[in-house]
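The values are calculated or read from the model by the stated rules, or taken from the named source; none is laboratory data. Predicted model only: the values in this text are computed from it and were never measured. When we count neighbours, we look across all protein chains shown, and the Cβ atoms used for this are built from the backbone with ideal geometry, even at glycine. Heavy atoms of the whole protein, side chains included, go into the accessibility calculation; ligands, DNA and RNA do not. Shrake-Rupley method; radii C 1.70, N 1.55, O 1.52, S 1.80 Å.
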Amino acid sequence: MVFLLQKTLIYAAPLLIVALGGMFSERSGVINLALEGEMIFGAFCGAILARALAISGAFGSNIQLLFLVVLLFSALCGALFSLLLSFSAINMKADQTIGGTALNMLAAAVVNAFALSLFNSEKIQMPANFSGYVILNNDIPPILQIFGDKAYLSTYVIVIAFVLLSIWIYKTKTGMRMRACGEHPQAAASVGINVFKMRYLGTVISGALAGLGGYAYIATVSNGTAEASVGGMGFLALAIMIFGNWKPLGIALGALLFGFLKCIGPVSSSLDFLKNLGLPMYFYNIIPYVVVLIVLALTSKKSGCPKAEGIPYDKGMR
Amino acid sequence: MKSGFFSKLREKAGFKSVTSSVLCIIAGILVGFLVMILLSIVNERTSIGNAFKGLLILLGGPFSSGRGAYIITNLGDMIFYATPLIMTGVSVAIAYKTGLFNIGAAGQFLMGLTGALLVALNINTNGNPAMGVLVWILAVLVGTLSGMVWGAIPGFFRAVFNVNEVIVCIMTNWIAANIVSWIFGSMPNLINSGSGKSGYLITTAATGNGTPTLGLNKIFKGSYIDMGIIVAVLIAIAIYIMLTKTTLGYELRACGANRNGAKYAGMNEKRNIILSMAIAGGLAAIGGALYYLNPGIEFKFDSAYATLPDYGFNGIPAALLGSNNPIAVIFVSLFIRYLNVGGGNLPSAGFNKYIADVIIALIIYFAGFSKFFSDILSRRKKRAEADLIAKAVLPDPGAAAAAAGSVTQAATEAAESVTPTVTEAAESVTEAVMETAESVTPTVTEAAEAAETVLEQTPVLENTGKEDDK
């Protein structure tokens with residue numbers, strides 16, 4: 001049980017932060033279908049930095065500090081990549097679905113092109129001790145083991161960032177202004193809010209969180225292998241955001257639920273009671289997606305979807 | 001005003017979309033070239049000279065393959081690899097015409113190949129070519145049907161629950177990917193247990209149900225080409241005719257143009273959404289079936305659950321660049337494969353094939369900008385026309401506010417003179433004009449825009465008057 005909950009946390013952490021990133025973008029009025037691409041790009045940049053730092057030996061034995069630096073760098077790269085989406089959606093008034101899809105394809109292609117060119121392989125494997133656990137403590141009681149044993153630094157970073165940013169978007173002036181731009185940008189503009197700036201802020205934060213979540217994913221779930229895919233986690237995060245009704249608490253609940261559902265497939269072969277059922281891994285892999293569909297069908301009527309989401313802001317419209 | 005062939009051509013919507021597609025392609029290739037320069041700098045084995053060499057190879061497509069025989073083979077392969085792309089491209093296009101974004105072509109593609117291979121690999125017709133063709137047809141039909149069912153799911157969710165089809169498509173993609181690995185993983189008799197093979201299925205070469213080649217492989221020696229391309233082109237043409245010449249096609253397009261309008265006109269918009277997605281799913285599925293029914297193509301089933309096939313996503317650029325016109329999709333698909341073959345030749349310049357993917361992704365990215373540019377163009381055109389009217393109407397362009405008033409008056413008078421009895425119609429138009437006039441800030445061009453509105457509305461008024469006279 002403890003093992004399953006530990007695994008759930010590992011899967012839930014990237015989903016949690018990336019879904020929050022999606023929320024930031026959409027609450028500011030831009031559909032962010034490029035979460036997957038931003039995760040891939042941020043994670044890849046992080047992996048390159050991690051390798052370079054490991055080779056140079058800059059941090060010596062202080063792996064956790066290095067992990068933190070790389071996480072921040074991944075967030076920065078994700079934010080930079082998301083500027084492409086901001087430019088296309090905000091300045092060029094492009095269809096945001098197409099822009100997002102293009103960026104997903106671009107991220108995968110760029111990562112493949114650079115990985116193959118620089119490392120002669122489509123996958124970058126980081127040194128094994130890089131994805132080391134923060135705390136290894138088997139002596140503590142089981143409840144604490146869930147959070148204290150075999151946990152990663154990235155999980156703590158993500159939880160802290162999640163709480164702070166959730167408060168920020170609800171309680172600060174800028175956060176409220178940003179949300180106004182997602183509901184009624186013309187009204188927001190009429191009281192002097194710069195809609196373009198707010199939407200840029202929303203998408204950039206979104207990209208940063210996706211980049212951070214991307215590196216957390218490759219460092220934890222995929223054991224330090226960076227490649228041109230994060231296994232659809234970005235899209236799942238998007239679904240979790242819709243599941244959570246564009247609200248942090250709902251997202252937190254959704255991320256835990258889907259983290260749990262998502263981890264069953266990969267761990268099904270190492271849990272006896274699941275193994276005894278005789279169902280293949282594919283069955284467990286399908287469950288989260290089917291649950292998403294059912295939930296969406298049931299909740300679509302009372303959607304908290306931002307009103308102006310996906311509509312380019314036009315100053316001339318009233 | 002200029003007249004003549006070219007200015008007339010410039011007015012055509014088709015010409016505009018071709019121009020914007022060509023601009024997107026050029027922009028994509030240029031930025032891709034920048035990526036190559038960047039790569040050549042960061043990679044110590046290459047220099048900037050390689051980037052120029054790479055650009056030439058990429059633009060040469062199959063013709064940069066070296067010897068003549070390779071060029072012929074690569075040309076044949078280019079056409080073969082374009083076949084599934086045409087199908088997924090038309091799939092995305094028809095959904096787009098109905099106002100839906102079919103990002104689920106990958107899953108439909110997978111379901112199509114699954115249905116087709118289940119038929120074609122389970123029935124052995126070795127030594128009986130006629131039966132082989134029959135089984136091949138059956139395989140394509142079963143594949144199509146599987147894809148139609150799979151495509152109908154997002155359509156159903158959209159129509160009945162009003163769930164965004166994009167998210168449903170993404171979910172069904174991953175479900176399909178897992179189902180495919182699951183189905184074939186449980187069929188050991190279809191798995192190729194030959195030496196050095198792991199996770200591959202046997203091909204239609206083993207059962208004699210491969211796609212007939214019609215001698216095309218004799219023209220393009222050594223390539224995979226078969227009659228699939230002919231099937232794909234015929235289907236694309238059929239879909240074009242369906243969309244433009246039939247009632248169903250009209251209804252689908254009406255739903256895409258204005259869903260509420262279509263509903264108000266008495267069309268069953270929910271049925272049309274489901275139908276459109278089912279057709280789109282069937283088309284993508286044919287792509288999967290045609291690709292894997294080729295005797296030379298092996299399907300790797302064991303990793304299918306982890307990555308989605310590129311064909312599904314590459315249908316999106318094919319559709320976008322072709323302005324969602326099925327005939328144009330054929331040519332765009334061939335062009336995309338032309339770039340891909342060129343990309344495959346890139347290693348000789350020190351790059352890898354993914355450069356072509358980068359360029360294709362950039363092309364779609366730029367395709368999103370087309371609305372912005374066409375808006376600028378049409379705005380400029382409207383300005384120019386409105387200026388002309390303004391000069392005709394206003395002898396003194398400085399008095400803009402007064403002008404707006406006089407324009408309104410003129411419109412009222414015009415309205416009254418046309419329909420003296422139908423005062424209501426005139427009043428409403430006057431009101432509209434008044435509003436326009438009020439909202440304009442006193443500049444010449446904007447007063448001119450008001451004038452333009454008046455001129456646009458006057459003919460409408462005439463029609464109203466005539467009808468009322470009857």
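Once the other residues with Cβ under 14 Å from the Cβ of A:LEU209 are scored (Lys, Arg +1; Asp, Glu -1), what is the net sum? Working shown, then result.
Working: positive: A:ARG27; negative: A:GLU26, A:GLU36, A:GLU38.
Computed value for this residue: -2.
When Cβ neighbours within 10 Å are restricted to other protein chains, what is their mean count per residue of peptide B:341-354? Show your work: numbers first, answer last.
On the way: counts 0, 0, 1, 0, 0, 1, 1, 0, 0, 1, 3, 8, 4, 12.
Partner Cβ neighbours, averaged per residue: 2.
Find which of A:ALA297, A:PRO312, A:GLY232 sits farthest along the positive direction of the dipole of segment A:170-318, computed with +1 on the beta-carbon of Lys and Arg, -1 on that of Asp and Glu, about the Cα centre.
A:PRO312
Rank these residues by their accessible area, most exposed first, probe 1.4 Å: B:ASP375, A:ASP272.
Numbers: B:ASP375 55, A:ASP272 105 Å².
Of B:ASP375, A:ASP272, the descending order of accessible area is A:ASP272, B:ASP375.
What cysteines in chain A have no other cysteine with a beta carbon less than 4.7 Å from their beta carbon?
Lone cysteines by the Cβ rule: A:CYS181, A:CYS263, A:CYS305.
Among A:PRO248, A:ASN112, A:PHE147, which residue has its Cα furthest toward the positive end of the charge dipole of chain A, with +1 on Lys/Arg Cβ and -1 on Asp/Glu Cβ?
About the Cα centre, the residue reaching furthest to the positive side is A:PRO248.
Suppose we keep just the alpha-carbon trace of segment A:1-137; what are its Rg and Dmax in angstrom?
Cα radius of gyration and Dmax of segment A:1-137 are 16.9, 53 Å respectively.
Which whole number gives the average count of other chain Cβ atoms within 10 Å of the Cβ atoms across peptide B:365-377? Let's see the in-between values first.
Numbers: counts 14, 4, 5, 13, 9, 4, 5, 6, 1, 0, 2, 0, 0.
Average per residue, whole number: 5.
If we sort A:206-217, A:256-267 on the protection proxy, mean other Cβ atoms within 10 Å, highest first, what's the order?
Numbers: A:206-217: 32.1, A:256-267: 20.5.
Final packing ranking: A:206-217, A:256-267.
With 38 Å as the cut-off, how large is the P(r) tail for chain A, expressed as percent of Cα-Cα pairs? Numbers along the way, then the final one.
Numbers: 7008 of 50403 pairs.
Summing the P(r) of chain A above 38 Å gives 14 percent of all pairs.
How are the C-alpha pair distances of the protein assembly as shown spread across 10 Å bins, as whole percents from the shortest bin up?
Final binned percentages: 3, 12, 20, 24, 19, 12, 6, 3, 1, 0.
Ordering B:TRP136, A:TRP168 by accessible area with a probe of 1.4 Å, largest first, what comes out?
Details: B:TRP136 20, A:TRP168 70 Å².
I get A:TRP168, B:TRP136, largest accessible area first.
Taking K and R as +1 and D and E as -1, what net charge do the other residues with C-beta under 15 Å from the C-beta of B:TYR240 add up to? Provide the component values of the computation, followed by the final result.
Working: positive: B:LYS97, B:LYS245, B:ARG253; negative: none.
It works out to a net charge of +3.
Nearest 10 degrees is fine. How inclined is helix A:63-86 to the longest principal axis of chain A, computing both from alpha carbons?
30 degrees
How far, in degrees from 0 to 90, does helix A:281-299 lean away from the longest principal axis of the Cα atoms of chain A, to the nearest 10?
30 degrees
How much net charge surrounds A:SER28 when only the other residues with a Cβ under 14 Å from the Cβ of A:SER28 are counted, with Lys and Arg +1 and Asp and Glu -1?
Numbers: positive: A:ARG27, A:ARG177, A:ARG179, A:LYS197, A:ARG199, A:LYS307; negative: A:GLU26, A:GLU183, A:GLU309.
Neighbour charge sum, excluding A:SER28 itself: +3.
So, in Å, what gap is there between the alpha-carbon centers of segment B:64-133 and segment A:99-115?
24 Å
Can you tell me the Rg and the Dmax, both Å, for the Cα atoms in segment B:68-335?
Rg and Dmax of segment B:68-335, Cα atoms, are 18.4, 63 Å.
Under the definition of partner shielding as Cβ atoms of other protein chains within 10 Å of a residue Cβ, what is the mean value for peptide A:279-285?
On the way: counts 1, 6, 5, 12, 3, 1, 9.
Other-chain Cβ atoms within 10 Å of each residue's Cβ, averaged: 5.
Which pairs in the list A:LYS123/B:LYS218; A:LYS262/B:LYS300; A:LYS262/B:LYS270; A:LYS197/A:LYS262; A:LYS197/A:LYS247 are over 28 Å apart, alpha-carbon to alpha-carbon?
Numbers: A:LYS123/B:LYS218 39 Å; A:LYS262/B:LYS300 24 Å; A:LYS262/B:LYS270 33 Å; A:LYS197/A:LYS262 36 Å; A:LYS197/A:LYS247 22 Å.
Over 28 Å Cα-Cα: A:LYS123/B:LYS218; A:LYS262/B:LYS270; A:LYS197/A:LYS262.
Given points 7 Å out from each Cα along the Cα-Cβ axis, report the A:LEU249 to B:LYS245 separation in nanometres with one decimal.
So the label points at A:LEU249 and B:LYS245 sit 6.0 nm apart.
Given a 1.4 angstrom probe, I'd like the percentage of the accessible area of segment B:193-234 that is carbon and sulfur, rounded to a whole number. Let's see the in-between values first.
Numbers: 1290 of 2070 Å².
Ligands and nucleic acids excluded, carbon and sulfur give 62 percent.
What's the angle, to the nearest 10 degrees (0 to 90), between helix A:96-119's Cα axis and the longest principal axis of chain A?
40 degrees
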